[in-house]
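Below is one structure, written out as structure tokens; comments come after it.
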Amino acid sequence: MKVSLANTLVRLAIRQDDSDSSVPDDDSQYGYVPDESVAILFVVLFGISTALHVGQATYFRLWWLLPTAALCGIGEVIGWSGRLWSSISPLASTPFTIQISSTIIAPTPLLAATFIIMARIVQRLGTSYSRLTPKWYTIIFLPCDIIALVVQGVGGGIASSADTLEGANKGAKIMLGGIAFQFVVIIVFSALALDFTQRYLRDKPVRRDFDGIQRGAFTPRLKTMLVALGFSTTVLFIRSVYRLIELNGGWNGRIIHTEVYFNVLDGAMVVLAIFTLNFVHPGVFLKPTEEKLSNPESSSSSSSVQMRPVS
């Protein structure tokens, strides 16, 4: 009895190659057979968003969107293609390995785009109101994003290549550590972004710039960009909470074996985040005047930027 149970757990966690799709849900590595129509839907949605991001990045010459937003979309297409493959061959190990690694790692580059956009918003509205300068947003948060990406990738590699349940659990714990680190980074970033916003709105600068305070105009486009950024960060935060709970429950937990949770709290959240940057694109909402704060002389004569002394 104990041997039989152990074999079942190993089969569920480690995935034995099998092309036969006519299997009970409990025998699938997922604990269920992925829904084919849902997988197709997400492959199409992420494919559309990725194509749009490539086209938009090229048109506006915002090349940093290619290794961030576009790369996220590519990763999600690969991950959901793995789930589509699994809907046809539920016991095959390769598609399960592809989807578990890709869907965990893919949203990480999108966070990098969020950090870059926030740095540019700070530059536009006024660095005096931010505890971090635009440069430090990049210096601090982008390396953290890379660290989270590497840790999750290592964990996913260990879990997918393990030959025992113990090895798979070790990989899951490493992935959990990477997601937890990313979760903390999101919280710190959000706190700084909220602090900047409320200081700008209340006109309570943190420090002086030059011989006075630079205060950029909070135009409708900038308001829309900031709201979009807040929404994108929120849904990625929800997704991180789900992933933390999912992996903490182990390979045989109820959360990881419930498909609707994954579809809604992972897939749908990332779809909302990535399409938000398609509709509210920084090429439209930031680029036209993004350099107005870089030159104090030109800023003083611009109607969108005000210079005032510090009392």
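The values are calculated or read from the model by the stated rules, or taken from the named source; none is laboratory data. Fair warning: this is a prediction, and the values are worked out from it, not measured in the lab. Cβ: placed from backbone, ideal geometry, glycine included. Neighbour counts: every protein chain shown. These area figures cover heavy atoms from the full protein model, side chains too; ligands, DNA and RNA do not enter into them. Shrake-Rupley method; radii C 1.70, N 1.55, O 1.52, S 1.80 Å.
Counted residue by residue at 0.36 nm each, then reduced by the alpha carbon distance between them, the extension gain from Ile88 to Asn252 reaches 56.9 nm. Once the chain from Thr234 to Ala51 is taken as fully extended at 0.36 nm per residue, the excess over their C-alpha distance is 63.5 nm. For Ser130, the residues 5 or more places off, or on other chains, whose built amide H falls under 5 Å of its own are Val206.
Computed 3J(HN,Hα) for segment 38-43, one whole-Hz value per residue from the Karplus formula 6.51 cos²θ - 1.76 cosθ + 1.60 where θ = phi - 60°, is 5, 4, 4, 4, 6, 4, glycine and proline marked x. The length gained by stretching the chain between Arg202 and Val227 to full extension, at 0.36 nm per residue less their Cα-Cα distance, is 7.3 nm. Phi-derived couplings, Karplus 6.51 cos²θ - 1.76 cosθ + 1.60 at θ = phi - 60°, listed residue by residue for segment 73-86: x, 4, x, 5, 4, 5, x, 6, 5, x, 5, 5, 4, 5 Hz, with x used for Gly and Pro. Coupling constants for segment 103-114 follow from the phi torsions by the Karplus curve (6.51 cos²θ - 1.76 cosθ + 1.60, θ = phi - 60°), and in residue order they are 6, 6, 7, 3, x, 4, x, 5, 5, 4, 4, 4 Hz; glycine and proline get x.
Dipole check for segment 121-250: with +1 at the C-beta of Lys and Arg, -1 at the C-beta of Asp and Glu, and the Cα centre as origin, the magnitude is about 640 Debye. In segment 86-243, taking the dipole from charged Cβ atoms about the Cα centre, the farthest positive-side position among Leu226, Ile179, Ile146 is held by Leu226. Of the listed residues His257, His281, the order by accessible area with a 1.4 Å probe, largest first, is His257, His281.
The apolar share of the surface of segment 87-195, taken as the fraction of accessible area on carbon and sulfur atoms (1.4 Å probe, ligands and nucleic acids excluded), comes to 72 percent.
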